[in-house]
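To start, the structure under review is shown below, and the notes come after it.
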Amino acid sequence: MTSIRLPSEHINCQNFVQGKWIPATGAEEFVISPLTGQTIGLFHHSTSNDVDLAVTRAQEAFPKWKSTPIKERTQIMFKFRELLYERIEEISHLISSENGKTLGESKAGILKGIEVLEFALSIQNLDLGGRMEVSRGVFCEYRRRPLGVVASITPFNFPAMVPMWTIPIAITLGNCYVWKPSEKTPLTSMAIANCLKDAGLPDGVLTVVQGGAETVNALIDNKDVKAVGFVGSTKVAKIVYSRASQNGKRALCLGGAKNHIVLLPDADPAIAGQGIADSFTGCAGQRCMAASVLLAVGNVEAQIQKIKERAEATTLCDKMGAIITAEQVSFLNEAIDKALAEGATLLLDGRNQNPGGDFADGHWIGPTILDNVKPGSFAATVELFGPVMSIVRCQNITEAMAVENDNEYGNACSVFTSNGAMAEMIANMANAGMVGINIGVPVPREPFSFGGVNDSKFGHGDITGLHSLDFWSDVKKITTKWQMQSDANWMS
Ligand code: NAD
């Protein structure tokens, strides 16, 4: 059924401060595997004292790390990459155990994180400074410099990949990085931190504090934290963005999503079937790039049949993972009931599915397709975050794009068609930061940067790629004149 190895004993997950694992002093919380419902570990929440101590230690490490040449910082990141490849199996089992995703998905998440790491390895060769003679004998130059201690708060759905969007870039640029992982998936942070320690990262450059909202607030309020990166739901992204901004900090907060796929009658049924089914069932729909609403334009029955066949064949446990909590399974079941009460019909019903055996007590729901969902209804507008796709029937492209552009989020939108001009038009019209053409999960590859618009992102710029350099660093401008004898000019 699945070859995921759950930890053989409870993992005691601690804070990583100054290169050592130390217990936090707040309330204890258990880590539950969504696959089996069993306790696999525990951690203690970090109090504001725990956070302040951790930030102080990070701040102490900053001057030395800042003055370490970027070539040397990058060498540690090369070693980090090597260790991630060496330990990829072990880390994947840990991710699947605490998050519930399949082993293949866990590995893919690490590999995607390594792709961002590889971009970070190239920062040393990118434009990190420049110098120009702006007037006779007068030179202007800019130098990129780190901010100091920066904080990052991450969600449960990609315990390794999302942190890896920022850890390599922020650290390579010379910052000391304090990471607050999701309290639902804290265990993976131990494996990542150990890789960095074993790669030779100096103590205090990476810090991990475990906890929830109280820990996040203590981090945002700490005067030594210069910037806050956040990835999670829109509700919390707004809270974190406004608190960090009020504290005068730089903040970039990525929120939730409600992604639309525009399906046109000329789309290749095989390509659309696979791309769309995999988009809404991958990671059991718990990803911010998942297809959520299918805007079915005209007669697309052949394509919908293929989507249904592929989704039906996506069996629980081996091909599709579990849902993070039992409460979230109840929420999804209630959302399906609500959609039916609002006039939708069921094309594929995933309710009450369970792989049984050792996994009978896990958190499960099968792929579900709702048809004839009304625009503006609950299922069409609220982020469900599960393997549930709503089909909204549209007469034409104008009607479809009105639904897409009416939605408050703006992470991803895709179109499936064999008409290039139509695809270009829809790509231009879509109200989203990332657009796919015949691709169900249009995550840009580096260095193209990841980031949405509207309620999917608060703050300026993107969190990865070239655009992220300006978030994780400052640019100092220096103007120099050495030739005192040179002709008088406007900068004399
Ligand atoms: P979440 O917002 O519940 O939690 C994210 C982080 O915020 C966690 O570390 C959590 O401990 C912390 N947190 C929770 N409540 C808080 C509060 N009141 N104050 C301060 N911090 C708080 O999100 P989640 O359930 O872990 O993840 C799923 C969500 O993340 C979905 O909405 C998904 O779309 C979104 N997501 C977005 C992206 C993106 O790139 N836009 C990527 C991954 C996930």
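The values are calculated or read from the model by the stated rules, or taken from the named source; none is laboratory data. Everything numeric in this text was worked out from a predicted model, so none of it was measured. Backbone-built Cβ (ideal geometry, glycine too); neighbour counts: all protein chains shown.
In summary, Gly436 fulfils each of the numbered conditions (1) away from the ligand (no atom under 16 Å from the Cβ); (2) touching a residue at least 24 places away in the same chain (Cβ under 8 Å) with the single exception of condition (1). Checking Asp278, Asp318 one by one, the residue that is modelled with pLDDT under 95 and of a type in the set (D, E, K, R) is Asp318 and no other. Every listed requirement among (1) out of contact with any Ser or Thr (no Cβ under 9 Å at 6 or more places or on another chain); (2) at pLDDT 95 or above is met by Leu121 save one, (1).
Taking (1) at pLDDT below 95; (2) not in a helix (DSSP H, G or I); (3) not small (Gly, Ala, Ser) in turn, Lys101 satisfies each apart from (1).
For the stretch 461-473, a residue qualifies if it is away from the ligand (no atom under 15 Å from the Cβ) and touching a strand residue (DSSP E or B) at 6+ places or on another chain (Cβ under 8 Å), and the qualifying residues are Leu469, Trp472, Ser473. Of the residues Gly282, Gly362, Gly343, the single one that is under 23 Å from the mean Cα position of the chain (by Cα) and not acidic (Asp, Glu) is Gly282. Scanning the stretch 321-343 for residues that are out of contact with any Phe, Trp or Tyr (no Cβ under 9 Å at 6 or more places or on another chain) and away from the ligand (no atom under 14 Å from the Cβ) returns Gly321, Ala326, Ser330, Asn333, Glu334, Ile336, Asp337, Leu340, Ala341, Gly343.
In this structure, Gly376 does not qualify as of a type in the set (Gly, Ala, Ser) and within 16 Å of the ligand (Cβ to nearest atom). Of all the criteria given as (1) buried (at least 20 other Cβ atoms within 10 Å of the Cβ); (2) closer than 30 Å to Phe119 by Cα; (3) over 24 Å from the mean Cα position of the chain (by Cα), the one not satisfied by Ala24 is (2).
Please find, among Phe458, Phe385, Phe448, the residue that is free of Cβ contacts under 8 Å to residues at least 40 places away in the same chain and within 16 Å of the ligand (Cβ to nearest atom).
On the way: Phe458 fails: free of Cβ contacts under 8 Å to residues at least 40 places away in the same chain; Phe385 fails: free of Cβ contacts under 8 Å to residues at least 40 places away in the same chain.
The unique qualifying residue is Phe448.
Looking at the stretch 1-97, what strands (runs of 3 or more DSSP E) fall wholly within it and have at least 3 residues that are under 25 Å from Gly109 (Cβ atoms) and out of contact with any Gly (no Cβ under 8 Å at 6 or more places or on another chain)?
Fully inside the stretch 1-97 and qualifying: 39-44.
Look at (1) modelled with pLDDT under 95; (2) touching a strand residue (DSSP E or B) at 6+ places or on another chain (Cβ under 9 Å) and you find that Ile437 fails only one, number (1).
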